[in-house]
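The structure appears below as structure tokens.
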Amino acid sequence: MTGADDRSPFERLMFEDAAPPPRHLAALGQRFVDAAKPKFRNFRVDLEAVEIAASKAGRAGEIPADDAAQLFLDRGDSLSLPLVRLYVEARETELVAKWLMTLGSFHSTGWATVRNLAALDGMVAAGEHALAVAIIRKHLEKTQRIVRERWRTVARKEPVGLPPERLTRYREELAKVRWELLGEIEAARIEIAELESYVRKHGSPEDNRAIDTMLADLEKARARFT
């Protein structure tokens with residue numbers, strides 16, 4: 001069996017808990033984006049081109065292999081952040097929006113990262129207020145739906161007729177969901193708090209009512225399950 005020390009930098013980053021990216025990685029990522037020639041047709045394609053360039057530089061010995069691997073994986077948004085800024089400066093905000101909404105992170109709390117906030121700020125600066133608000137609403141609706149499904153699971157009546165072993169397992173799993181639920185409700189509330197200023201300032205009355213409803217639902221759930 002191959003030992004951990006024999007793995008490539010890429011394999012270690014993919015399959016082990018990695019330390020936070022080094023401070024210099026952001027500047028190195030900026031350098032590769034500055035040298036790139038994006039076509040501004042598809043954000044993912046342009047990002048992949050920069051990632052490949054960084055990987056080739058690592059193989060050629062132009063940059064350390066660890067740095068190349070981390071850039072290829074876009075750790076710390078080291079490549080996507082400067083590329084997002086480049087795209088929004090070019091007013092290609094819709095292409096950024098489409099890419100953001102394809103990411104798995106779009107469905108989870110903790111989405112309000114430096115990169116994603118830079119994208120939203122760029123949309124607002126470009127006069128694309130409605131686009132920024134639409135992205136935020138879609139994101140919050142997805143995270144809200146996940147939390148709502150969790151509290152519905154906790155509130156559901158215990159099934160009847162389960163064999164003892166399955167009933168025990170069901171109760172153990174339910175206890176875990178219940179234990180995690182308050183933290184998930186709070187995470188959803190914090191997520192709204194970090195993003196709602198865009199909606200309050202640039203959204204329609206309907207957008208604002210949607211945020212009000214989300215907050216009210218979370219407050220009711222928190223009171224119910226505390």
### Task
Considering each of R152, R200, R189, R209 in turn, give the residue that is in contact with a Leu (Cβ under 9 Å, 6 or more places away or on another chain), open to solvent by 80 Å² or more (accessible area, probe 1.4 Å), without any contact (Cβ under 8 Å) to a residue 40 or more places away in the chain and assigned to a helix (DSSP H, G or I).
R189
### Message
So, in the range 39-66, how many residues would count as being part of a helix (DSSP H, G or I), under 22 Å from the mean Cα position of the chain (by Cα) and of a type outside the set (A, V, I, L, M, F, W, C)?
### Response
4
### Task
Hey, can you tell me all the residues within the range 72-105 that are outside any loop (DSSP other than H, G, I, E, B) and either in contact with a Ser or Thr (Cβ under 9 Å, 6 or more places away or on another chain) or among the hydroxyl-bearing types (S, T, Y) (or both)?
F72, D77, S80, L81, Y87, T93, W99, S105
### Task
Read through the list (1) in contact (Cβ under 8 Å) with a residue 60 or more places away in the chain; (2) open to solvent by 20 Å² or more (accessible area, probe 1.4 Å); (3) not in a helix (DSSP H, G or I), then give the number of the only condition that W111 fails.
(2)
### Query
For A118, are the conditions met, namely being aliphatic (A, V, I, L, M), open to solvent by 60 Å² or more (accessible area, probe 1.4 Å) and either in a loop (DSSP other than H, G, I, E, B) or touching a helix residue (DSSP H, G or I) at 6+ places or on another chain (Cβ under 9 Å) (or both)?
no
### Query
Does D66 qualify as being farther than 20 Å from I190 by Cα and open to solvent by 20 Å² or more (accessible area, probe 1.4 Å)?
yes
#### Entry: Per-region count, the range 17-50, residues closer than 17 Å to A68 by Cβ and modelled with pLDDT under 80
2
#### Entry: Breaking point among (1) in a helix (DSSP H, G or I); (2) small (G, A, S); (3) modelled with pLDDT of 95 or more, for A69
(3)
### Task
Working only within the range 121-140, note down all residues that are free of Cβ contacts under 8 Å to residues at least 60 places away in the same chain, open to solvent by 50 Å² or more (accessible area, probe 1.4 Å) and either assigned to a helix (DSSP H, G or I) or within 18 Å of A193 (Cα to Cα) (or both).
D121, A125, K138
### Message
Among the residues of the range 31-51, what is the count of those that are touching a Ser or Thr at 6+ places or on another chain (Cβ under 8 Å) and either of a type in the set (V, I, T) or open to solvent by less than 70 Å² (accessible area, probe 1.4 Å) (or both)?
### Response
1
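The values are calculated or read from the model by the stated rules, or taken from the named source; none is laboratory data. From a predicted model like this one, the values you see are computed outputs, not experimental measurements. All Cβ positions, glycine included, derive from the backbone under ideal geometry; neighbour counts span all protein chains shown. Only protein heavy atoms, including side chains, enter the accessible area calculation; ligands, DNA and RNA are left aside. Shrake-Rupley method; radii C 1.70, N 1.55, O 1.52, S 1.80 Å.
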